[in-house]
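Contents: one structure, followed by commentary.
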Amino acid sequence: MEVKNCKRCGKLFQYVTGKPICPACKQQDEDDFDKVKNYLYEYPRTSLMEVSEATQVSIASIRKFLREDRLIISEDSEIGIECENCGVTIKSGRYCRSCMASLNNEMRAVTRPQTAPKEKQDIKQTDPKKTKMHYLNKDKLN
């Protein structure tokens with residue numbers, strides 16, 4: 001295990017995996033998430049500013065929850081974030097559907113095994129003795 005300073009509060013903690021923040025800050029994130037989620041269940045058509053003021057959770061944290069796909073906003077809500085690629089307004093995640101499809105196609109093209117076109121190679125006739133497997137006789141070396 002590794003000892004790190006929390007990126008948020010600066011306290012030392014034993015880092016295992018995930019975000020480099022201490023358990024107390026992780027718990028604060030979870031509490032903030034629960035506040036926002038519960039508020040949005042109760043008031044689904046509120047603006048980002050209203051949610052932030054009512055829950056005392058920063059707008060940046062709410063946007064982070066949306067980017068992480070932890071929150072999904074209804075289509076009729078005023079809340080939205082921008083696609084990181086084209087800038088169109090989306091309700092959650094990092095990319096809109098068309099950019100996501102485009103990125104998926106690009107990834108498939110990159111990861112798909114490339115098959116070289118079969119070309120007819122000019123096969124030269126060689127001595128059959130040279131094409132067969134054989135061993136080197138040590139007596140003939142001397």
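Just so you know, all these numbers are worked out from the coordinates, no wet-lab data involved. Predicted, not measured: the structure shown is a model, and the values here were computed from it. All Cβ positions, glycine included, derive from the backbone under ideal geometry; neighbour counts span all protein chains shown.
A few points about this structure:
- Built amide H within the under 5 Å cut-off of Ile90, gap 5+: Ile81, Glu82, Cys83
- Since only Phe65, Gly80, Leu48 are under comparison, the one whose Cα sits farthest along the positive direction of the charge dipole of the stretch 20-90, derived from C-beta charges on Lys, Arg, Asp and Glu, is Phe65.
- Inter-part distance where the stretch 10-44 and the stretch 48-114 are each reduced to a Cα centre, Å: 19
- Charge context of Glu42, other residues only, Cβ under 13 angstrom, K/R +1, D/E -1: +1
- Label-point gap, in nm, between Thr17 and Arg97 - each point 7 angstrom along Cα→Cβ: 3.3
- Here r is the Cβ-Cβ distance between Asn85 and Ile59 and R0 is 22 Å; the resulting FRET efficiency, rounded to 0.05, is 0.50.
- Distribution of pairwise C-alpha distances over the stretch 40-89, 5 Å bins, in %: 5, 20, 31, 30, 10, 4, 0
- With neighbours defined as other Cβ atoms within 10 Å of a residue's Cβ, the residues Leu40, Leu48, Leu12, Leu103 order from fewest to most as Leu12, Leu103, Leu48, Leu40.
- Relative contact order of the stretch 1-57, taken over Cα pairs closer than 8 Å and 6 or more residues apart, is 22 percent.
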